[in-house]
Amino acid sequence: MTYKVNINGEVRELDVPEDMPLLWALRNELNMVGTKFGCGKALCGACTVHVDGVAQRSCSLPVGSIGADSKVTTIEALEKTEIGRALQQAWLEEDVMQCGYCQAGQLMNASALLARNPKPSASQIDSAMAGNICRCACYTRIRDAIAVVAEKGTANV
């Protein structure tokens, strides 16, 4: 079946089974490889994208469940938002990354958090980011980078 999905502001046609996870549609059908495969069970967060601004695990989200009017945002479009640019800069300034594999999902989840709560507390950051696993254990630097953006406000970063 053919689905039309708005991905990063562009309507894309996907001729895939309705139960194909969005992750595989992005990576294999559209060659958008920024979104990573982690556990395949929505447990690690490496595959996080936004659907209508809400962080979702694309490895367990069937293409057929995405509404025709829904908007999917992937890591490839994160820099198009003020929050995304601020987070990417803070990630560099706080030297967050080690291997970098989980970072796309971390950034997508962090940007969804800051979009709904521009000034989260440390415990709110920890709670929101708890579902994103980092094998390198960069959790303190991830929290610090998010806190920097929250503290400065995105307009001043």
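The values are calculated or read from the model by the stated rules, or taken from the named source; none is laboratory data. Keep in mind that this is a model prediction, so the values were computed, not measured. Heads up, the Cβs are rebuilt from the backbone with ideal geometry, glycines too, and the neighbour counts pull from every protein chain shown. Surface accessibility is based on the protein's heavy atoms, side chains included, excluding ligands, DNA and RNA. Shrake-Rupley method; radii C 1.70, N 1.55, O 1.52, S 1.80 Å.
Structure values in brief
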{"item": "Over 26 Å between alpha carbons, listed pairs 36/80; 36/152; 4/36; 71/152; 4/119; 41/152", "result": "36/152; 71/152; 4/119; 41/152"}
{"item": "Angle between the chain longest axis and helix 139-152 axis [Cα atoms, degrees, rounded to 10]", "result": "80 degrees"}
{"item": "Between 0 and 90°, nearest 10: helix 103-116 axis offset from the chain longest Cα axis", "result": "80 degrees"}
{"item": "Charge sum, other residues only, whose C-beta stays under 13 Å from residue 8's C-beta, Lys/Arg counted +1 and Asp/Glu -1", "result": "0"}
{"item": "Label-point gap, in nm, between residue 80 and residue 37 - each point 7 angstrom along Cα→Cβ", "result": "2.6 nm"}
{"item": "Between segment 90-140 and segment 1-75, the alpha-carbon center distance in angstrom", "result": "20 Å"}
{"item": "Length gained when the stretch residue 98-residue 70 is fully extended (0.36 nm per residue, less Cα-Cα span)", "result": "6.7 nm"}
{"item": "Projected label distance in nm at residue 137 and residue 29, using a 7 Å step from Cα toward the beta-carbon", "result": "4.0 nm"}
{"item": "Percentage relative contact order, the chain, counting C-alpha pairs under 8 Å, at least six apart", "result": "23 percent"}
{"item": "Chain lengthening between residue 19 and residue 3 when straightened (0.36 nm per residue, less Cα-Cα)", "result": "4.6 nm"}
{"item": "Extension gain (nm, one decimal) between residue 12 and residue 60, 0.36 nm per residue minus Cα-Cα", "result": "15.3 nm"}
{"item": "Apportionment of accessible area to carbon and sulfur, the chain, percent (1.4 Å)", "result": "49 percent"}
{"item": "Given charges at beta-carbon only (K, R positive; D, E negative), |dipole| of the chain in Debye", "result": "300 debye"}
{"item": "Solvent exposure of the chain as accessible area per residue, Å², 1.4 Å probe", "result": "50 Å²"}
{"item": "Relative intensity, log₁₀ I(q)/I(0), of segment 34-135 from a Debye sum that treats every alpha carbon as a point, q = 0.17, 0.23 Å⁻¹", "result": "-0.75, -1.36"}
